[in-house]
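Student: Please see the structure below; I have some questions.
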Amino acid sequence: MVIGLVPTMGALHAGHISLVHRARKECGLIIASLFVNPIQFGANEDFDSYPRDQERDFGIFERNGVDIVYAPAIDVIYPDGFGVTVTVSKLTECLCGTKRPGHFDGVTTVVSKLFEHCQPDCAYFGEKDYQQLKVVEQMVNELDLPIRVVGAPVIRERDGLAMSSRNTYLNETERRIAPALFRTMRTVAIRLSRGAELESQCEWGNDALLAAGFDRIDYFEVCDGQTLERARGYRPSLRIFAAAWLRETRLIDNLAADEID
Ligand code: AMP
């Protein structure tokens, strides 16, 4: 029987559930993991305040056809004295990797353990965290793990905001500003397809987000969709990546440059 794994940190929304539904189409047994991974959070990040509601999450998984929920205690994943780090180089040295040092090491380390514990044939990740998806793909390829990594499209609210557990941090005013992240990326995608110059569009994107009410921009970049290297000239295989702060909340999003319908 084909086993599918959907790794999550809980606080479930339709983005997570889209991964479960995709897994259900392709696998006979669905495992969803529920684990807020301490080592992928920086010292000043939101590990403590990250939304947690296991009872609600178990119910949602059950109603959506998950067969097994794997919700390990922290010391099952990281026993006393745990001293292994799984690192993917290069792909982690840009975008969120620069802004969140150690984050992807935390991701690849926990995903390695989840893979070992659950022994999936397929593992499902969202393009919402596109860099994470590429990093996990490289880890699986280069460690010769017998797992098919499946990437699934970003699920959005009606106004374009990418669904995220962190959206619950937003107050009403911030929630109104937040869709500007997607709108701005989309405008840049359209302009690039019409021949606008890359660098000036990234600068424009940055300024447009500040003008919309974002407090701080971590990056607004156009990169190759595979290597994540910053692009010099336009081609359809590029992706637009943005990370920006509304007060204490950091939102990320990305869009294929040719995804402009
Ligand atoms: P998280 O619980 O935030 O660690 O996310 C668990 C998985 O769900 C990751 O593979 C994410 O990329 C994916 N995911 C989160 N938000 C979305 C979304 N809006 N659309 C699609 N996948 C998502």
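Student: Regarding segment 106-184, what's the average projected area of the Cα-atom convex hull, expressed in nm²? Mind dumping the intermediate values first?
Tutor: Details: hull surface 25.3 nm².
Its average projected convex-hull area is 6.3 nm².
Student: Mean shadow of segment 131-257, computed from the convex hull of its alpha carbons, in nm²? Each step should come with its number before you reach the end.
Tutor: On the way: hull surface 33.9 nm².
So the mean shadow area of the Cα hull is 8.5 nm².
Student: Hey, another quick one. Taking Rh as the Kirkwood radius computed over C-alpha pairs, what is the Stokes-Einstein D of segment 1-155 at 25 °C in a medium of viscosity 0.890 mPa s, expressed in µm² per second?
Tutor: On the way: Rh = 15.8 Å.
In µm²/s, the coefficient rounds to 155.
Student: Further question: Explain nothing, just compute: Karplus ³J(HN,Hα) = 6.51 cos²θ - 1.76 cosθ + 1.60, θ = phi - 60°, for every residue of segment 187-199 in order, whole Hz, x for Gly and Pro.
Tutor: With coefficients 6.51, -1.76 and 1.60, one gets 4, 5, 4, 5, 5, 5, 5, 9, x, 5, 7, 4, 4 Hz.
Student: Where both partners of a DSSP beta bridge lie in the chain, what percent of those bridges are antiparallel, to the nearest 5?
Tutor: Working: 18 of 34 bridges.
In the chain, approximately 55 percent of DSSP beta bridges are antiparallel ones.
Student: Sticking with this structure for a sec: Using only Cα positions of the chain, each an equal point scatterer, no hydration layer, compute I(q)/I(0) via Debye at q = 0.10, 0.16 Å⁻¹ and quote the log10 values to two decimals.
Tutor: Debye output, listed in q order: -0.50, -1.31.
Student: Turning to a different aspect of this structure: Mind checking the angle between helix 103-118 and the chain's longest principal axis? C-alpha axes, 0 to 90 degrees, to the nearest 10.
Tutor: It works out to around 30 degrees.
Student: If you don't mind, another one. Give the distance, in whole Å, between the Cα centre of segment 168-184 and the Cα centre of segment 121-155.
Tutor: About 28 Å separates the Cα centre of segment 168-184 from the one of segment 121-155.
Student: Find the centroid of the Cα atoms in segment 193-237 and in segment 43-67, then give the distance between the two in whole Å.
Tutor: Comparing the Cα centres of segment 193-237 and segment 43-67, I get a distance of 32 Å.
Student: Let me ask another. Which distance in nm do the two modelled labels at Val2 and Thr227 give, with both placed 7 Å along the Cα-to-Cβ direction?
Tutor: The answer from the label model is 3.3 nm.
Student: With unit charges on the beta carbon (Lys/Arg positive, Asp/Glu negative), name the residue among Gly126, Val76, Val2 whose Cα is farthest towards the positive pole of the charge dipole of the chain.
Tutor: Ranked along the dipole, the leading option is Gly126.
Student: In straight Cα distance, which lysines are under 18 Å from Lys128, not counting same-chain residues fewer than 8 positions off?
Tutor: Lys99
Student: How far is helix 130-142 tilted, in degrees, relative to the longest principal axis of the Cα atoms in the chain, given as a value from 0 to 90 rounded to the nearest 10?
Tutor: On a 0 to 90 degree scale, this one is about 50.
Student: Another question, if that's okay. Compute the distance from the alpha-carbon center of segment 74-104 to that of segment 1-19, in whole Å.
Tutor: Between the Cα centre of segment 74-104 and that of segment 1-19, the gap is 21 Å.
Student: Quick query: amide H of Ala71 versus all other amide H atoms, modeled in the peptide plane; which residues come in under 5 Å with a sequence gap of 5 or more or a different chain?
Tutor: The list, which skips near neighbours in sequence, is Leu34.
Student: How far apart, in nm, are the 7 Å Cα→Cβ label points at Gln119 and Asp75?
Tutor: 2.6
Student: Same structure again: Taking the Cβ of each residue in Thr85, Thr109 as the centre, tally the other Cβ atoms inside 10 Å and list the residues starting with the fewest.
Tutor: Values: Thr85 12, Thr109 22.
Placing the least packed residue first, the sequence is Thr85, Thr109.
Student: For segment 1-86, count the residues as N, evaluate 2.2 N^0.38 Å, and divide the Cα radius of gyration by that value, please.
Tutor: Values: Rg = 14.1 Å, N = 86, 2.2 N^0.38 = 12.0 Å.
That ratio works out to 1.18.
Student: Let me ask something else. What does the helix-only formula give at 222 nm for the chain: each DSSP H stretch with n ≥ 4 adding -39500 (n - 2.57), the total divided by the residues, and the result rounded to the nearest 500 deg cm²/dmol? The partial results should precede the final answer.
Tutor: Working: 9 runs with 95 residues, N = 261.
Result for the chain: -11000 deg cm²/dmol, rounded to the nearest 500.
Student: Right, here's the next one. Tell me, what is a quarter of the convex hull surface for the C-alpha atoms of segment 1-42, in nm² with one decimal?
Tutor: Working: hull surface 13.2 nm².
The directionally averaged projection comes out at 3.3 nm².
FYI, it's all coordinate maths here, none of it is from the lab. Owing to the predicted nature of the structure, the values given are computational and were not obtained by experimental measurement. Backbone-built Cβ (ideal geometry, glycine too); neighbour counts: all protein chains shown.
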